[in-house]
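Taking it in order: structure first as structure tokens, then the write-up.
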Amino acid sequence: LSILRRHVGDFTPAMVETLLRNIEFVLTPELSLYVPTLGQCDYAVTPGHAHPAWSFVYTLSLTGGFELEGRRVGPPDPNRPWIWALAPGVEHGEERLEGHNSYIAFMIDTPLFVRVLAEYGKTPADLARHQALPADEALYEALTAFFREGRARRRGRESVLRAMAMVIAHRMARLLLGEVEEEGEGDSMAIHRLAGWLKGRLGERLTV
């Protein structure tokens with residue numbers, strides 16, 4: 001509950017019940033991550049709410065809209081994943097649905113993110129209060145790895161999650177600052193993974 005209040009806001013016991021019922025999550029002091037699986041979070045659908053931490057939403061599939069500082073907004077391209085980036089204190093809300101939107105929401109502890117930005121010679125004042133960024137495969141893979149590690153509860157989990165949170169914070173800072181290099185043709189790890197998979201199955205009849 002202390003992490004929820006530090007990252008998300010004034011979470012109540014009733015909100016915790018819906019969180020436990022509807023959301024898969026991993027909580028650490030440095031970064032917390034939330035994936036709707038059975039429904040929505042009561043805090044997320046509160047109109048005009050804000051977070052004390054830096055909050056990001058990696059959208060995968062949206063069926064409902066969002067409100068941002070009093071106006072309804074949609075993704076720049078509804079057919080592609082995007083990342084919503086919100087500074088602490090930016091008011092927003094998620095439309096209440098029968099089901100739920102598909103996304104990964106994650107929140108980076110504010111003092112940590114300020115320290116990360118300082119490594120790039122920047123402060124929060126140098127960033128837009130909110131913006132939409134194109135999807136980033138490396139970030140998505142880092143988030144899913146963080147989620148898997150957090151749910152597995154292996155020995156060494158806390159140290160690994162702390163290191164992963166730092167990687168995610170730096171990746172997010174670079175995306176916000178435009179310091180991520182574009183992948184060249186043929187450089188994608190997805191292509192290398194596919195090539196390795198195919199080489200091991202050259203004698204098989206492969207379906208689509």
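The values are calculated or read from the model by the stated rules, or taken from the named source; none is laboratory data. All values derive from a computational prediction rather than experimental measurement. When we count neighbours, we look across all protein chains shown, and the Cβ atoms used for this are built from the backbone with ideal geometry, even at glycine. SASA here: full protein model, heavy atoms, side chains in, ligands and nucleic acids out. Shrake-Rupley method; radii C 1.70, N 1.55, O 1.52, S 1.80 Å.
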* Asked: Of all the residues that make up the range 67-81, how many are open to solvent by 30 Å² or more (accessible area, probe 1.4 Å) and closer than 30 Å to SER2 by Cα?
  -> 3
* Structure fact -> If we keep only residues of the range 164-199 that are basic (Lys, Arg) and at pLDDT below 95, then the residue farthest from ALA118 (Cα to Cα) is LYS199
* Structure fact -> Residue set LEU139, LEU176, LEU117, LEU194; condition more than 28 Å from LEU38 (Cα to Cα) and touching a helix residue (DSSP H, G or I) at 6+ places or on another chain (Cβ under 8 Å); output residue LEU117
* Identify, from the list THR28, THR37, the residue that is in contact with a Gly (Cβ under 9 Å, 6 or more places away or on another chain), at pLDDT 85 or above, closer than 24 Å to GLU137 by Cβ and not aromatic (Phe, Trp, Tyr). => THR28
* Asked: Does any residue of the range 146-160 turn out to be hydrophobic (A, V, I, L, M, F, W, C), open to solvent by less than 90 Å² (accessible area, probe 1.4 Å) and in contact (Cβ under 8 Å) with a residue 12 or more places away in the chain?
  -> yes
* Residue satisfying condition, being more than 25 Å from GLU149 (Cα to Cα), among the β-branched types (Val, Ile, Thr) and either open to solvent by 40 Å² or more (accessible area, probe 1.4 Å) or out of contact with any Phe, Trp or Tyr (no Cβ under 6 Å at 6 or more places or on another chain) (or both), within set THR28, THR46, THR37 -> THR46
* Could you please let me know if ARG115 is surrounded by 15 or more Cβ atoms within 10 Å (Cβ to Cβ), basic (Lys, Arg) and free of Cβ contacts under 8 Å to residues at least 40 places away in the same chain? => no
